[in-house]
1. Say we look at region B:360-402 and pick out the residues that are touching a residue at least 40 places away in the same chain (Cβ under 8 Å) and under 26 Å from residue B:192 (Cα atoms); which of these is surrounded by the most Cβ atoms within 10 Å (Cβ to Cβ)?
2. Restricting the search to region A:410-431, which residues are outside any strand (DSSP E or B) and more than 9 Å from every other protein chain (Cβ to nearest Cβ)?
3. Considering every residue within region A:321-334, establish whether at least one is more than 23 Å from residue A:488 (Cα to Cα) and either surrounded by fewer than 24 Cβ atoms within 10 Å (Cβ to Cβ) or modelled with pLDDT of 95 or more (or both).
4. Could you say whether any residue in region B:312-328 is within 9 Å of chain A (Cβ to nearest Cβ), at pLDDT 95 or above and closer than 30 Å to residue B:422 by Cβ?
5. Pick from region B:335-349 the residues that are touching a residue at least 12 places away in the same chain (Cβ under 8 Å), more than 22 Å from residue B:402 (Cα to Cα) and within 7 Å of another protein chain (Cβ to nearest Cβ): which of them is surrounded by the most Cβ atoms within 10 Å (Cβ to Cβ)?
6. Among (1) closer than 30 Å to residue B:79 by Cα; (2) touching a helix residue (DSSP H, G or I) at 6+ places or on another chain (Cβ under 8 Å), where does residue B:400 come up short?
7. (1) closer than 27 Å to residue B:288 by Cα; (2) part of a loop (DSSP other than H, G, I, E, B): which one isn't true of residue B:10, the others all being true?
């Protein structure tokens, strides 16, 4: 009994600490580093220049140019419940690279210490401290230690990938996409654009034309990736758009868990981030993709912040493929993001767990698409939206059961929580059912923080902000539980931080 | 317009219309025409028409549709009511009852050169209902309606008013516009039945004043080939109550829009519908589009829509609850369910919430699937023949929607029609 009490106290203490640590945006600092920019604006020449800087083969350039030519004919989407200020696409830098990265370092030891220091400050295990110190054999850490391989992207380029050797032993390819284009052209050619075509939508097409770097993962047949993989995105340079492209391929029977994190300095001008993530999952393979999105959300008056316009899609291409998206969206001034699952293979499965928090003047329009094409496919959507301050938070989703997707199932739950009377919470689900052996269920609720629960917490000595953070964490529980362990901890404290100033 | 310029679908549509002139509504009609010209007719990429093609509704002329001939007793026939009959959209005085009923004033739109209360009212709720979503066919209706009834309710009339729409001509294309104004504390039950024409465009504007109560039950007739686009625009004041139920069986194309604003505190609005479609005889495409705005304290709204679809029938539901800033203590509920009786049928739904107040309770649910095999098996194991068991389960599936009808006699009338439909469409 006593022990149980202690544990509970421990949990309380932790929550209280998390709440006490609430400060303003923690990652708002800037690294002073000499940068190499492409000229401002976008044109065929800029596309050629990016391709040249990455030392790409001709076919890649052609691919980019085709995308660019399509993009100039396209219009920005206006259907989301977002108020997007006009973006001047000619007033952005499309390529920014630390000067020291001009010659690609052959190993992490050659990486500019300033860059490494940046990632260290962000708390990323880019290179375990031992390795950093140059200790021989540090990569062969004792078994049982938790290891995460990281690909770190700084503005337009990938600065380093850890544990490459160890992964190679298992046959796993984990590198930047620019390296993959050079070293594994057959895989890139086969899969790039096969999930998110060049011409998919305005932002994805822009990305296809100007993406500068990103991560590439290939897990060979029957392989369970020996460690979690992770990419860390950092926008540092001013007036720069970040356009990274991630391609993950899980071959037959493979498994990988992939984590993504992102931050940016505090600035009062907005910055554009238009990424594409493509995941190909073959027979019996499984991919878990978890994101903690913590781009700078703008200040409490809505100045600055990242415009996060992202296209993420997983293609369960063969039988019994499985994908799970988990996202914690706390950052960005504007979020436009719908990680989707194409359930093509029979018996394939898609899951989407999301927490989206919008505070102050943030706007989020996010959700998922579950496109059931194969027989006996299953999908599950759990979305928790929290709005505070003057923020607008929208869940937008599609569940589609094609005539051929017989005996399929979908369950969707969207809950919204409102904190304060100036914010908005919206739900826009699309449901299309074209066969009768499938079952689709959708539930949504909107409510405010429960007064009884708050009163209980207050009666236990918490102040109002602590109490709200605790109740909100409870509200998000189902999604937090779906996250990998270290992400769950981070997400939990982020939830508290993101809601700072929203009460009273 | 120069000969080189291509006529837009709206030009063509307007060219085929004759806009009645000279009455109290002339100003409202002109304004509606301007609205319509500004918005145009729904195009193929119109998000609000994502799942329903408007072509046949937009075309200059209706697709010919044969009236459905049956010797069956029309719905509501056994009830004591005041009958107002329109034959292909034309008022039939001989078949109608005299417009005399205590507590109620009835005038026809076509016969009201000057009518104080209706002058500012006609088209006003339709106009308000054009934001945030455009409803071109409603504007077209306000501009071009040839007739309709203008009802002002001051008391509690002893019996319901029944609008009966008879379809006789293959090419009739009636446009009717009704206005109903309930004064404080008044109460009215309005019944509507019949298909009206080959293509029917109808608008019903309802103002429910403080503490007034409005009940609406309609059955859209049994014609297989008819097409219809209907709009209800309602505004409910403090403690007012608005309840509407629609039964739709058959019909190539039906789009029923319902736009309600809860404008006063403690107002209540319930909208329900049961649609049964069998694509074996003719296409069946049924679209319920509902938009409820909460703009006052403590409002309650319910949307209950059920569809039973077979042989390629298509059901669409677009429902929305909008809670405006300050509309605290709102209780909004929405459920849309479809029963797909076979693999050809489709359900397409978009149950939406847009909420700008925090102290609210809003929820929606939507399910789509086949009949519950376990329940069917249970009934059969108890000796119920399979078709009867199916009918029983379908009726229980529809029960929540039918329960929205308060009057027991009306409810029985509707259930009887449902049972008859199920008996006719076995297998």
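The values are calculated or read from the model by the stated rules, or taken from the named source; none is laboratory data. Everything numeric here is computed off the predicted structure, so don't read it as measured data. Cβ placement follows ideal geometry from the backbone for every residue including glycine, while neighbour counts extend to all protein chains displayed.
1. For region B:360-402, the residue satisfying everything is B:398.
2. Step one: list which residues in region A:410-431 are outside any strand (DSSP E or B), which gives A:420-423.
Once the filter is applied, which keeps residues that are outside any strand (DSSP E or B) and more than 9 Å from every other protein chain (Cβ to nearest Cβ), region A:410-431 yields nothing.
3. yes
4. Checked against the condition, which is being within 9 Å of chain A (Cβ to nearest Cβ), at pLDDT 95 or above and closer than 30 Å to residue B:422 by Cβ, region B:312-328 yields at least one hit.
5. B:345
6. Tallying (1) closer than 30 Å to residue B:79 by Cα; (2) touching a helix residue (DSSP H, G or I) at 6+ places or on another chain (Cβ under 8 Å), residue B:400 fails exactly one: (2).
7. Unmet condition: (2).
For every residue, the table says whether it meets (1) at pLDDT 70 or above; (2) more than 25 Å from residue A:334 (Cβ to Cβ); (3) crowded, with 18+ Cβ neighbours inside 10 Å.
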| position | (1), (2), (3) |
| --- | --- |
| A:40 | yes, no, no |
| A:62 | yes, yes, no |
| A:67 | yes, no, yes |
| A:86 | yes, no, no |
| A:93 | yes, no, yes |
| A:99 | yes, yes, no |
| A:110 | yes, yes, no |
